[in-house]
């Protein structure tokens, strides 16, 4: 269903990505999808294809430029070498512009794990997006002020997350609530990366399917 493409970044450089579109792509709402710390894996491509089957045009920027991690150590090394600011200000914004050039009137951003943190940074700093869905990942405080978010966001969090603890999620929710940011948070009796059948081995089918259905409904409601 999908294919590898190149798209232009705001700085004029070309970036690789994976594009997946519905059968009738003209005018379909767009989604920029951020990968987990593993890279642009088959699982992320499958997720893009699944979103496309729901009627969205999806572009996944290949943040690691072809590299994919097989171990947690490799994934951590790749993530540490990633310029988060560049990923948001250049790759994400370039991907959004590409989708709009192909007819998308509204574009959302979705991210998992590391990509979830990046999606929230985009919600804070990138004016190109109309909604955001975050799966179990939030950025450090120095990445920006969540109270400045203007777009609706949905967050999916695991009660037993070894990477992003519940206290951090609670603090984030208090900030959003106090500043009237339009948000929906859902918590699951699961572990980190519960949507991924591979990866850390924490796949939780019931939570994954519930989060997926909620996300699709949210994107349809916010993107049209």
> In region 22-36, what residues are surrounded by fewer than 23 Cβ atoms within 10 Å (Cβ to Cβ) and within 27 Å of residue 198 (Cα to Cα)?
Replying inline: 22
>> With the structure loaded, tell me whether residue 123 is within 28 Å of residue 189 (Cβ to Cβ), in contact with a strand residue (DSSP E or B) (Cβ under 8 Å, 6 or more places away or on another chain), modelled with pLDDT of 95 or more and crowded, with 24+ Cβ neighbours inside 10 Å or whether it fails that test.
In response: yes
> Checking residue 135 against (1) more than 14 Å from the chain's Cα centre (by Cα); (2) within 24 Å of residue 28 (Cβ to Cβ), which test does it fail?
Replying inline: (1)
>> Out of everything in region 82-109 that is assigned to a loop (DSSP other than H, G, I, E, B) and under 20 Å from residue 29 (Cβ atoms), what residue ends up being nearest to the chain's Cα centre (by Cα)?
In response: 106
> Hey, among 184, 206, which residue is surrounded by fewer than 16 Cβ atoms within 10 Å (Cβ to Cβ), in contact with a strand residue (DSSP E or B) (Cβ under 6 Å, 6 or more places away or on another chain), modelled with pLDDT of 95 or more and farther than 27 Å from residue 86 by Cα?
Replying inline: 184
> Considering 55, 39, 12, which residue is at positive phi, without any contact (Cβ under 8 Å) to a residue 40 or more places away in the chain and surrounded by 14 or more Cβ atoms within 10 Å (Cβ to Cβ)?
Replying inline: 39
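The values are calculated or read from the model by the stated rules, or taken from the named source; none is laboratory data. Nothing here was measured: the structure is a model prediction, and the numbers come from that model. All Cβ positions, glycine included, derive from the backbone under ideal geometry; neighbour counts span all protein chains shown.
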